[in-house]
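I have placed the structure first, in the form of structure tokens, so that the comments after it can refer back to it.
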Amino acid sequence: MKVLIIGSGGREAAIAWKIGQSALVNEIFVAPGNAGVQPFAECVPIAADDIQKLMEFAESKSIDLTVVGTEIPLVMGIADLFEKNGLKIFGPKKKAALLEGSKSFAKRFMKRHNIPTGEFCVCSSYDEAMKSVVAFGFPVVIKVDGLAAGKGVSIANDQTEAEKVLKTVFLDKSFGDAGRSVVIEEFLNGRELSMLCFVDGKTIVPMEGVRDYKRAFDGDKGPNTGGMGTLSPVEGYMPEIQKEFEDKIMFPTLKALKEEGIDYRGVLYFGLMLTDEGVKVLEFNCRFGDPETQVLLPRMQNDLVKVMLSVIDEKLEEQKLCWDERSAVCVIMASGGYPGNYEKGKRIVGLENIESEDLCVFHAGTQNKGGELYTAGGRVLGITALGKDLNEAREKAYQAVEQIEFEGAHYRLDIGK
Ligand code: AMP
Ligand code: GLY
């Protein structure tokens, strides 16, 4: 089979690496990809949001399966376009991807179906939003409705902070159309958990739990990022929580999708908060998480392509997911300044020293120039290690991280602690 993967991050590098192990596959393309996928895949210079060009490429190369890593093309309707043209694609259609593409849609969907989530309201002007913020009290969560590359969620601790956020959204219009309305949401306290599930429209199957470290600095300080590290399985995660998630959230969501005539096929990612009042949904994503995928796929023992084909063909019930019992820890090395402004083009050295069966180095923002590696994005590398337990995995991951250098490199020291 020929497979095309869409996206350029560490998640897509992990998907390409895993798909490269499938006996069904003999050729892999990644659009646009990054320097790290080149040993086992060909990079295609088409942007992830150029869905027409991607479709033409898939047709011209007779691609057998396209896997969408990132949300933007899904929300734009790439799955509808490919299917209309008779091309196999892994990822939900436009209507289903709205669960990630519109926070107000997702919150109203949960409310209609009694899926546990924080209280909220939707506002489309500065004045209306300020009134709601005051009514909720502080801290309060403000989320722009549309896609904002992980930058659309703010936690305001007082009125001045809320005014600043809402001015950026409604007066400066910094988020463009994505900020036409905002969701004002109750602040939830607790530990976060990412649960990713495969869904084929009829059956839903959870993967193992993942903890994502979203804040930029140690001790969960600093701004939210796309994710600075992950671990799986989650220690202390109890069977009761899994049961509560399945009974109150996962199965009800599938039932609700069916009732609303939404044929969801792909990965459905539940961002959860484990609160004193029970498990609540913070968000849905319509694709694999990044860096969640960088610990899940090294632990997954199934042939990923077989699982994906079963999702497309509505045969997921025939698949049983199997997991390596070892722990995985992923540490993200980012450019200094990320998630704010950062410089690119810094030479990366030390990767050649890293070789071990228990380690994966997934590239994200990297570029190959004349055989040398340079930084080209905010999150640069994801270093995943497997170990007999969390401690061993963490130690191995940090030993590898310490051998890699680039100017301004920033990573958290407390992933898995
Ligand atoms: P989201 O994109 O909606 O998952 O939000 C990004 C991050 O903001 C989450 O991973 C949480 O860390 C935080 N967050 C979102 N909603 C809430 C909430 N209602 N209460 C507390 N923190 C939240
Ligand atoms: N790591 C969070 C996400 O993929 O959305």
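The values are calculated or read from the model by the stated rules, or taken from the named source; none is laboratory data. The structure presented is a predicted model; accordingly, all values stated were derived computationally and were not measured. FYI the Cβ positions are ideal-geometry reconstructions off the backbone, even for glycines, and counts take in every protein chain you see.
So here's what we get for this one:
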quantity: Output for the stretch 267-282, where each listed residue is over 13 Å from the mean Cα position of the chain (by Cα) and of a type outside the set (Asp, Glu); calculated: LEU272, MET273, LEU274, THR275, GLY278, VAL279, LYS280, VAL281, LEU282
quantity: Where PRO206 falls short, out of the listed (1) buried (at least 21 other Cβ atoms within 10 Å of the Cβ); (2) more than 16 Å from ligand 2 (Cβ to nearest atom); calculated: (1)
quantity: Filter pass, GLU100 being surrounded by 20 or more Cβ atoms within 10 Å (Cβ to Cβ), within 11 Å of ligand 1 (Cβ to nearest atom) and among the acidic types (Asp, Glu); calculated: yes
quantity: Filter pass, ALA106 being surrounded by 15 or more Cβ atoms within 10 Å (Cβ to Cβ), touching a Phe, Trp or Tyr at 6+ places or on another chain (Cβ under 8 Å), farther than 22 Å from THR275 by Cα and in contact (Cβ under 8 Å) with a residue 40 or more places away in the chain; calculated: no
quantity: Wholly enclosed strands (runs of 3 or more DSSP E) of the stretch 297-393 bearing at least 2 residues of a type in the set (Val, Ile, Thr); calculated: 327-334, 379-387
quantity: Residue in the stretch 288-295 that is of a type in the set (Phe, Trp, Tyr) and either over 29 Å from LYS2 (Cβ atoms) or more than 16 Å from ligand 1 (Cβ to nearest atom) (or both) present; calculated: no
quantity: Residue within the stretch 276-287 that is within 16 Å of ligand 2 (Cβ to nearest atom), over 20 Å from VAL144 (Cβ atoms) and among the polar types (S, T, N, Q) present; calculated: no
quantity: Per-region count, the stretch 283-327, residues small (Gly, Ala, Ser) and over 17 Å from the mean Cα position of the chain (by Cα); calculated: 2
quantity: Hits in the stretch 222-244 - residues which are within 26 Å of GLY9 (Cβ to Cβ), in contact (Cβ under 8 Å) with a residue 12 or more places away in the chain and more than 12 Å from ligand 2 (Cβ to nearest atom); calculated: PRO223, LEU231, SER232, PRO233, VAL234, TYR237
quantity: Top-ranked residue in the stretch 203-253 [being of a type in the set (Phe, Trp, Tyr) and in a loop (DSSP other than H, G, I, E, B); ranked as farthest from ligand 1 (Cβ to nearest atom)]; calculated: TYR237
quantity: Test: residue in the stretch 192-201 that is out of contact with any Phe, Trp or Tyr (no Cβ under 6 Å at 6 or more places or on another chain), assigned to a loop (DSSP other than H, G, I, E, B), within 16 Å of ligand 2 (Cβ to nearest atom) and in contact (Cβ under 8 Å) with a residue 24 or more places away in the chain; calculated: no
quantity: Filtered residues of the stretch 155-183 (kept if in a strand (DSSP E or B) and either at pLDDT 95 or above or surrounded by 21 or more Cβ atoms within 10 Å (Cβ to Cβ) (or both)); calculated: ALA156, VAL182, VAL183
quantity: Qualifying residue in the stretch 179-190 (condition: among the charged types (D, E, K, R) and more than 16 Å from ligand 1 (Cβ to nearest atom)); calculated: yes
quantity: Residues of the stretch 99-119 classified as more than 16 Å from ligand 2 (Cβ to nearest atom) and out of contact with any strand residue (DSSP E or B) (no Cβ under 9 Å at 6 or more places or on another chain), total; calculated: 4
